[in-house]
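To start, the structure under review is shown below, and the notes come after it.
Please treat every number below as a calculation from the coordinates, not as lab data. Computed from a predicted structure; not experimentally measured. Note that each Cβ is placed from the backbone with ideal geometry, even for glycine, and that neighbours are counted across all protein chains shown.
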Amino acid sequence: MNIGFYQLTKTSVEIALPKLLNLTLESGKRGLVRLGSDSILSDLDDLLWTYDNYSWLPHGSKEDKYSNFNPIWITTDPENPNKSEFVFMLDGYEPNELVGFERCFDLFDGNDQASVAAARERWKILKSAGHDLHYWQQSDDGKWFEKS
């Protein structure tokens with residue numbers, strides 16, 4: 001599986017995630033956002049409705065019904081009720097179950113040493129499992145480049 005690690009140094013997850021989810025929907029795919037804890041689920045739910053004055057991202061979570069109608073699903077559980085092709089891991093979510101996804105996006109705070117250390121551990125685990133890993137970092141002007 002293609003797994004991209006995104007070290008957020010210039011952009012917050014609140015800005016980066018909606019952009020990536022928009023690209024997901026534009027490509028005709030569905031997205032699953034997996035969180036490490038319930039503590040940010042409500043905030044993320046609100047963000048996806050209000051991140052832009054002129055648009056919103058259709059989504060649902062475990063409080064909602066009809067997961068199969070939602071092109072984006074937010075969860076803390078190892079589930080994929082809306083049959084997403086892309087999975088986004090946030091908030092230190094451990095990549096225990098990645099079977100069935102085309103792509104995985106691991107977004108982490110590149111300015112927080114604990115987040116960076118946890119991402120390095122996930123990298124080692126996923127590399128040893130034989131996944132195709134890519135590391136994306138932000139330049140000083142906020143543009144993404146793949147670091148080898």
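Couple of notes before you dig in:
- Taking amide hydrogens as placed 1.01 Å from N in the peptide plane, the amide H of Trp73 sits under 5 Å from those of Gly31, Leu32, Val33, Gly60, each at least 5 positions away in sequence or on another chain.
- Within straight-line cross-link reach of Lys124, aspartates and glutamates at Cα separation under 14 Å, skipping those fewer than 8 residues along the same chain: Glu94, Asp106, Asp132
- Whole-Hz ³J(HN,Hα) from phi, Karplus 6.51 cos²θ - 1.76 cosθ + 1.60, for region 17-32, glycine and proline x: 4, x, 4, 5, 5, 4, 4, 4, 5, 4, 7, x, 9, 10, x, 10
- Take the Cβ atoms of Asp140 and Tyr66, set R0 to 41 Å, and the FRET efficiency comes out at 0.40.
- Set Lys19/Lys127; Lys19/Lys83; Lys19/Lys65; Lys62/Lys83 screened for pairs whose C-alpha atoms are more than 23 Å apart: Lys19/Lys127; Lys19/Lys65
- Order of Arg120, Arg103 under a 10 Å beta carbon neighbour criterion, fewest first: Arg120, Arg103
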